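First up is the structure itself, then whatever we jot down about it.
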Amino acid sequence: MNRSDFLSKKISACGLLVALAMIFSYIETLIPINAGLPGMKLGIANLVVVAALYLFGPPEALLISLVRILLVGFLFGSGMSILYSLAGGLVSFLAMVLLKRTQKFSIVGASLFGGAMHNVGQLLVAAAVVENAKIFYYLPPLLCVGCVTGILVGLLALRILPTGQKIMRNAGTL
Amino acid sequence: MKRNDCILAAAIFLFAGLLSVMFFLSGNEQGNYVTVTVDKKVYGTYPLDETQDIEILTEFGHNNLHVENGTVCMTEADCPDGYCKRQGEISTEKETIVCLPHKLVVEIQGAKPNGGRTEEQTDGQTGEDYDILVK
């Protein structure tokens, strides 16, 4: 298989994963779990990003994450909601890449750290938008929620990763 | 799942716990006024001891606050997420209700936070002190 073949297969695989992440984002809007805290959500769309990070690597995962945020933002959100998602998505992505690089943590550790940092990123943007530091009183509950949802997503990712690897290998994208 | 994952999770929970304790210990004073800020500008300050509904109409949208027995809650909002309505009642000085889409922050304050007036008052006081000194 030559390089351009491999690339086009990789691109279509990433496209599929973006579509999957978008569906997860949509499903997430149907499950209202938040208790009124800004930034609180299940984060199942992150399952795709975490899986892509361990299947392919940081560039593909970042691409999938960014494309998903922009598409979902334009479809269902507004300018501001894209900004929040972008902040959360980027901070959580960086956190996960850093943790993966240390090789001392499993995919669950990366996911839970990403989940917690996602909320930190969103809170930072929120604090900047309203210029009010009192918003940081939301930090403790948001950290805990992000950690718990991150663990759930991480455990799911741990389960699906072998299957994902098999599928991607069969499709010739690994 | 590795042992380090558990340690990391425990560390995050511990950090969150410590922060909560710190916030809790830093005082829980009941406030006397509620200040509404929209897009970094003060929209209005209202006393907490009066039962009243505060309507907030801005370029970003519409919110309705209810004040009763020293507590404030968001009763109505036409923001897309509606998170602000679910933040419940607030009554102590560090609690806030935030409506991010409307760039709106509701906070409780102990004293009337009116910069200009307090300055005038202190000026007046120093003036009096001066008078007394001269006498």
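Here, each number is a calculation from the coordinates, and none is a lab measurement. Predicted model, so just to flag it, every value in this text is computed and none were measured. Neighbour counts are summed over all protein chains in view; Cβ atoms, including those assigned to glycine, are modelled from backbone coordinates with ideal geometry.
See the values below:
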quantity	calculated
Among the listed pairs A:LYS10/A:LYS166; A:LYS10/A:LYS41; A:LYS41/B:LYS41, those beyond 21 Å (Cα-Cα)	A:LYS10/A:LYS41; A:LYS41/B:LYS41
The protein assembly as shown: Cys lacking any partner C-beta under 4.7 angstrom	A:CYS14, A:CYS144, A:CYS147, B:CYS6, B:CYS73, B:CYS79
In sequence order, calculated HN-Hα J values of segment B:18-23 (Karplus, 6.51, -1.76, 1.60; Hz; x Gly/Pro)	4, 4, 4, 4, 4, 4
Efficiency of FRET between A:ILE82 and A:LEU30 - r from beta-carbon atoms, R0 22 angstrom, step 0.05	0.65
Neighbouring partner chain Cβ atoms per residue of B:88-100, average, 10 Å criterion	3
From phi via Karplus (6.51, -1.76, 1.60), per-residue ³J(HN,Hα) for segment B:92-104 in Hz, x at Gly/Pro	9, 4, 9, 7, 9, 10, 10, 10, 4, x, 9, 6, 10
Cut-off under 5 Å, modelled amide H: who pairs with B:GLU95 long-range	B:ILE108
Exposure proxy ranking, count of Cβ atoms within 10 Å, fewest first, for A:THR29, B:THR58, B:THR71	A:THR29, B:THR58, B:THR71
Using alpha-carbon coordinates, inclination of helix A:3-30 to the longest axis of chain A, degrees	30 degrees
Size descriptor, Kirkwood hydrodynamic radius, that averages inverse alpha-carbon separations across chain A, Å	16.4 Å
For segment B:31-115, radius of gyration divided by Kirkwood radius, i.e. Rg to Rh on alpha-carbons	0.92
